[in-house]
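To start, the structure itself, in structure tokens.
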Amino acid sequence: YDDTGIQALDGVSFDLAQGKTLAIMGPTGSGKTTLLQLLSKTYLPYSGVVMLGGNPLPQYAQEDIRNAMRVVPQQAFLFSDTIANNIRFGKQDATQEEIESAAKRAAVHENIMGFNAQYNTMLGERGITLSGGQKQRVSIARALIKEPKLLLLDDCLSAVDTETEEHILGRLKDMRHEMTTILVSHRVSTLRHADRIVVLEEGRI
């Protein structure tokens, strides 16, 4: 990082086949989020190369990368709008059926149906109408509605209970042949859903 001179990752190398799931674990500051930022072209590596589909990532336009992948951060950002429009933000022309399908895969549909206005419920600033876990799941639904080729989950299940996490990861497994998933998690239980596991410590595997 230019501002601090910190080398967040050192000698990290791995490959992941299409449709597979990779779990990334490690203590705070080990480089997990930096790795996702490199994969999403938020940052470019100082050395080495990130390849996507056999081509170096810089060869792709940022718009193409955003269309192919979705990143769900730990701190979900929701707009002061309806729940439906927050999910629809991931796909502007989405139908109500597509919105509800994405919400079901993110295990938040039943919660939404419990509100008086259901999908037309207005959210407050930063989604304060919802609990932390519900915010995270609406954010996941927003990502899933696009049916991305690559899904990056940055510890975005930290506020949900293990049973709900199990449900969501199980639904993602059903989409596995269509979607490659990389998930950062602090829960060991998450590992059983992964085809490969990378453990980072001080920027090294």
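The values are calculated or read from the model by the stated rules, or taken from the named source; none is laboratory data. Computed from a prediction, not measured in an experiment: that's the story for all the values here. In this analysis, Cβ positions are derived from the backbone assuming ideal geometry, glycine residues included, and neighbour counts consider all displayed protein chains. SASA here: full protein model, heavy atoms, side chains in, ligands and nucleic acids out. Shrake-Rupley method; radii C 1.70, N 1.55, O 1.52, S 1.80 Å.
Of note:
- Here is the list for segment 70-116: chymotrypsin sites (Phe, Trp or Tyr not before Pro) lying in DSSP coil, each with at most 13 other C-beta atoms within 10 angstrom of its C-beta, are F77, F79.
- Simple spin-label estimate for F77 and D2 in nanometres, 7 Å along Cα-Cβ: 2.1
- Solvent exposure of segment 139-197, expressed per residue, is 44 Å² of accessible area, with all protein chains present and a 1.4 angstrom probe.
- For the chain, a Kirkwood hydrodynamic radius built from all Cα pairs, placed in the Stokes-Einstein relation at 37 °C and 0.692 mPa s, yields a translational diffusion coefficient of 186 µm²/s.
- What segment 2-109 shows is 56 Å² of accessible area per residue, with the surface traced by a 1.4 Å probe over protein heavy atoms.
- Per-peptide average of other Cβ atoms within 10 Å, ordering 11-24, 98-111 highest first: 98-111, 11-24
- Calculated FRET value between S47 and H186, using beta carbons and R₀ = 35 Å, to 0.05: 0.75
- Of all accessible heavy-atom area on segment 115-205, the percent that carbon and sulfur account for (1.4 Å): 46
- Sum of -39500 (n - 2.57) over DSSP H runs of 4+, divided by residues of the chain (222 nm, nearest 500): -8500 deg cm²/dmol
- Within the chain, antiparallel bridges make up roughly 20 percent of the DSSP beta bridges whose residues both belong there.
- Treating r as the C-beta distance of F115 and N67 and R0 as 30 Å, the FRET efficiency rounds to 0.45.
- A simple charge model with +1 on the Cβ of Lys and Arg, -1 on the Cβ of Asp and Glu and nothing else charged puts the dipole of the chain at about 240 debye relative to its Cα centre.
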